[in-house]
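The structure appears below as structure tokens.
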Amino acid sequence: MRKSVLKSMCLAIFMLCVTNIFAEERLITFSAGISTGIPFYGSESVSEMKVNFDNDARVIIGTLASININPIEQFTFFIGANTLGDFSWKGEQHLNFLHTDFPVGAKVYPGLGGLNLGLAYTLGFRADFIKTEYSGHINRVEAWGNGFRFHLEYNFAHSGQSQYLPSIGLAWNLMPRGNSNYDNIIMLYVMANF
């Protein structure tokens, strides 16, 4: 049994090396960037708080990073980490929500330059930091959930002219938050490639 596992591992490494010889991109690449977006909260209590909160300012900003495995030119596996903060405040009062998720998925390049479609399984949670005159002070972490992410992206580095060109993308993330509630997050991002 150990010999068959060792043979399988050697064969897999050999196949990755052979496919990497013919690929324009390196076998393993890294991406990191910033994002913004629009979260749609599934919980009625959170939605009511957002509607009733008379905020002076609101900022939605996040970060994302991924490790990409490129066995062939038309296909990429990736694993990453994303955070998106939704910060609203007025004086001492605030409604802050921090979405954190870890996607594992694949990108498919249909042959239109760096345009790719991606689908990922995501595991994540949302942390809430709330202080209003109505609700008082609340710090809580919602239940972890397994959702999915779909994205449309253009990777300028995919053409092979330079591995350091950026990627821009639009993503939809559906995340369960427990008690039959789902957060929908529409996200726009820019990533640097290494």
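The values are calculated or read from the model by the stated rules, or taken from the named source; none is laboratory data. Note that this is a predicted model, so its numbers are computed, not measured. As a convention, Cβ positions derive from the backbone with ideal geometry for all residues, glycine included, and neighbour counts pool all protein chains shown. Surface areas here come from the heavy atoms of the whole protein model, side chains and all, with no ligands, DNA or RNA. Shrake-Rupley method; radii C 1.70, N 1.55, O 1.52, S 1.80 Å.
Beyond 19 Å, what percent of the Cα pairs of region 59-152 remain? That fraction is 53 percent. Place a point 7 Å from Cα of Arg58 in the direction of its Cβ. Which residues in region 29-46 have their backbone N less than 18 Å from it? From region 29-46, the list is 35-46. Protein heavy-atom accessible surface, 1.4 Å probe, per residue over the chain: 57 Å². Near Tyr41, once Lys and Arg are set to +1 and Asp and Glu to -1 for all other residues with Cβ below 13 Å from its Cβ, the sum equals -3.
Per-atom-type breakdown for the chain gives carbon and sulfur 68% of the accessible area (1.4 Å probe, protein chains only). Less than 5 angstrom separates the built amide H of Leu115 from those of Asn155, all sequence-distant by 5 or more or on a different chain.
Can you give the charge dipole size of region 28-168 about its Cα centre, rounded to the nearest 20 debye, using +1 on the beta carbon of Lys and Arg and -1 on the beta carbon of Asp and Glu?
Once rounded to the nearest 20, the dipole reads 280 debye.
Size descriptors for the chain (Cα atoms only): Rg and Dmax, in that order, 20.1, 66 Å. Relative contact order, whole percent, for the chain stands at 20, derived from Cα pairs under 8 Å and 6 or more residues apart. Measuring spread by the Cα atoms of region 97-194 yields a radius of gyration and Dmax of 17.0, 56 Å.
Taking the C-alpha atoms only, the angle from helix 2-22 to the longest principal axis of the chain is near 90 degrees.
A Gaussian network model of the chain, with springs between Cα atoms under 10 Å, assigns the largest mean-square fluctuation among Phe156, Phe148, Phe53 to Phe53.
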